[in-house]
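Everything below concerns the one structure shown next.
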Amino acid sequence: GVAVTPIQMAAAASALANDGNIMAPHMVKAVIQDGKQRDVRPMIIGSPISPQTAQSITDMLAISLEEESSDALVEGYRVAGKTGTAEIPSPQGYLSDATNASFVGWGPADDPQFLVYVWLEKPASSPWGSVVAAPVFRDVVKELVVLLNIPPDSIRQQIR
């Protein structure tokens, strides 16, 4: 079982995507007030691991997704991420017929620009995060890279 909220899980995973720094979660890019735009700046709230550890784990997770041909893979982009399948506690113990399934991932793996956490409560088609949550991550990221104007890795790496 997992005893954290989805936003807590996303914040914890942000340390892997941000050189060991946990970022304060936010969903607002900017606020416009009195005709002026005020950007919401990313804020570090902790540094639990070293940049080297964060990069090593990111690389391991990206390789793992690639080697298992995960449904989380996004054509043209190297992403890192991890599935989650958690039993659901009840007063009588864990439920035997239901799980919460999740996938947390970020990318591009070499220069993360986004983190997406998918959490599905009691999915009906499969109990496994790799089956039900990973494809949702992929579909969200396909749209997100367009919205954020992130070129595919092959193009982006030539620009640098």
Karplus 3J(HN,Hα) series, Hz, for segment 19-32 with 6.51 cos²θ - 1.76 cosθ + 1.60 (x for Gly, Pro): 6, x, 9, 7, 9, 5, x, 8, 10, 10, 7, 7, 10, 9
Taking a virtual spin label 7 Å from the Cα of Arg156 along the C-beta vector, which residues in segment 53-97 bring their backbone nitrogen under 12 Å of it? 74-80
Given a Förster distance of 22 Å, report the FRET efficiency between Ser69 and Glu143 from their Cβ-Cβ distance, rounded to the nearest 0.05. 0.55
Per residue, accessible area of segment 100-144 with a 1.4 Å probe, heavy atoms of protein chains only, in Å², comes to 45 Å²
Sort Met27, Met43 by accessible area with a 1.4 Å probe, largest first. Met27, Met43
Tally Lys/Arg at +1 and Asp/Glu at -1 over every other residue whose Cβ is under 13 Å from the Cβ of Asp71; what's the total? -2
Report the extension gain between Met43 and Ala98 in nm, rounded to one decimal, defined as 0.36 nm multiplied by the number of residues separating them, less their alpha carbon distance. 16.2 nm
What residue among Ile45, Ile32, Ile88 has the largest mean-square fluctuation in a Gaussian network model of the chain, using Cα springs under 10 Å? Ile32
Cα-based helix-to-principal-axis angle, 51-67 vs the chain, degrees rounded to 10: 60 degrees
Comparing Leu65, Leu148, Leu73, which has the greatest mean-square fluctuation in the GNM of the chain with Cα pairs linked when under 10 Å apart? Leu148
Can you tell me the relative contact order of segment 56-160? Whole percent, Cα pairs under 8 Å, sequence separation 6 or more. 26 percent
What does the convex hull of the Cα atoms of the chain come to per residue, in Å³, rounded to a whole number? 155 Å³
Choice from Ala12, Ala109, Ala124 showing the highest fluctuation, given a GNM over the chain with Cα pairs closer than 10 Å: Ala124
Compute the acute angle (0 to 90°) between the alpha-carbon long axis of helix 6-17 and the principal axis of greatest extent of the alpha-carbon atoms of the chain; round to the nearest 10°. 50 degrees
Ordering Tyr77, Tyr117, Tyr94 by how much accessible area each has at a 1.4 Å probe, largest first, what is the list? Tyr94, Tyr117, Tyr77
With θ taken as phi - 60° and the coefficients 6.51, -1.76 and 1.60, list the Karplus ³J(HN,Hα) couplings across segment 130-135 in order, rounded to whole Hz; mark glycine and proline as x. 5, 8, 9, 8, 4, x
Counting other Cβ atoms within 10 Å of each Cβ, which GluC sites (Glu not before Pro) in segment 33-95 have at most 15 and sit in a DSSP loop? Glu68, Glu75
Considering only protein heavy atoms and a probe of 1.4 Å, how much of the accessible area of the chain is carbon and sulfur, as a whole percent? 55 percent
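The values are calculated or read from the model by the stated rules, or taken from the named source; none is laboratory data. Just so you know, these numbers come straight off a predicted model, no measurement behind them. Here Cβ is always computed from backbone atoms with ideal geometry, including for glycine, and neighbour counts include all displayed protein chains. Calculation scope for accessible area: heavy atoms of the full protein, side chains included, ligands and nucleic acids excluded. Shrake-Rupley method; radii C 1.70, N 1.55, O 1.52, S 1.80 Å.
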